[in-house]
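The values are calculated or read from the model by the stated rules, or taken from the named source; none is laboratory data. Since the model is a prediction, treat every value here as computed from it, not as a measurement. Here the Cβ positions follow ideal geometry from the backbone for every residue, glycine too, while neighbour counts run over all protein chains shown. Note: areas computed on protein heavy atoms with side chains; ligands, DNA, RNA excluded. Shrake-Rupley method; radii C 1.70, N 1.55, O 1.52, S 1.80 Å.
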Amino acid sequence: MNRTHILATACIPHDNHGDKMNSKFRRFAKAALPLLMTLLASAGAHAELPQVDIGARFREEQVEGTFVLLDGQTGAFQRYNEARADTRYLPASTYKIPNSLIALETGVAKDKDFEIAWDSKRNPRQPWWPAAWAQNHTLETALQNSAVWYYQEVARRIGAERMQAYVDRFNYGNRDISGGIDQFWLTGALRISANEQVEFLRRFYVNQFGLSERTVKMTKDILVLEQTPDYRLSGKTGWAGFGEPGATQTAWLVGYLERQGDVYYFALNVDVKKSQDAAARMKIVRGVFGDLGLLSSAPPALSPQRAQSANSGQSR
């Protein structure tokens, strides 16, 4: 007996209260059955993504690194360079995601338009600064332009005690914020792996941290890199060692893709050995999602702010 027959039979009463009553229930069952079958089908409709050669995208860009992809519907992972996916690195500006959450949740930042004036004496412009850093910023513009000085000031206002409490709550990497309240994610002791980045993003997205919905929504809003009627791509870059001669340089891109009600989390990092290596991050992400049939190869036209956030190689 197939499932349709079982459901149809289950919807029809068998208590012999009369042909008239049975007839009404049969008509009801006949009308309700297609809807019931649709609901059951949708519950199991998420097939696993096809396996793709993620490494081919790294070879194409001639970079070394790792990529972790989590299908938020099935819980299935795809990884390139699994050993490196478990290796912890400085988060650099990818830490702006938890930093934004903490700033909003504690009230240090009232909203995404919370502005801090650039103090050129306290934060003098460095030769390696992008031009967009040397001005006043809001939480939103500071994240989109990856303005380090703004988030350093935010961290100082949060303070070490509250910062540590939230880093512990998020179970963020090795949870070590030693090295200075305004330096721990840049040059200090904090380290996180690509696998841990993806798990943090998943828990943030579904709000398993118990934060206010306002905090989560506002942070999601400022993380958007690309948005079309078909999808929304959100994320944050990071570049450990940027502006520090002789330092090991590792570039990140972490985030998630929302498409037709589904969400896919990702994290990649690459070694930066030549100037174009950092620009490979978005190319790899778009390439992998293109291979999976989730994105086209060509990005949409973006506003100048979104373009800076999505494509800038100078994103610490």
Partner aspartates and glutamates whose C-alpha sits under 14 Å from that of Lys121, ignoring same-chain residues fewer than 8 away, are Glu153
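What order do you get for 137-145, 96-104, 228-236 when each peptide is scored by the mean count of other beta carbon atoms within 10 Å, highest first? Write down the numbers at each step before the final one.
Values: 137-145: 23.1, 96-104: 24.8, 228-236: 18.1.
Result, highest mean first: 96-104, 137-145, 228-236.
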Carbon and sulfur: what percent of the range 73-123's accessible surface (1.4 Å probe)?
41 percent
Could you look at the range 125-177 and say what percent of its accessible area is carbon and sulfur, using a 1.4 Å probe and all protein chains?
42 percent
Separation between Cα centres of the range 230-272 and the range 152-227, rounded to whole Å
15 Å
Averaged per residue, what accessible surface does the range 71-133 expose to a 1.4 Å probe, in Å²?
48 Å²
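Sort the following peptides by mean Cβ neighbour count (other Cβ atoms within 10 Å, averaged over residues), highest first: 283-292, 154-163. Don't jump to the answer; show the numbers that get you there.
Details: 283-292: 20.1, 154-163: 16.3.
Those peptides, ordered most packed to least, come out 283-292, 154-163.
Can you tell me the relative contact order of the range 162-279? Whole percent, Cα pairs under 8 Å, sequence separation 6 or more.
On the way: 165 pairs, mean separation 20.6, N = 118.
Computed value for the range 162-279: 17 percent relative contact order.
Do any of Lys110/Lys217; Lys220/Lys283; Lys96/Lys274; Lys112/Lys217; Lys96/Lys283; Lys236/Lys283 go past 20 Å between their Cα atoms, and which?
In this structure, Lys220/Lys283; Lys96/Lys274; Lys96/Lys283 exceed 20 Å between Cα atoms.
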Probe 1.4 Å, protein heavy atoms only - accessible area per residue of the range 145-192 in square angstrom:
36 Å²
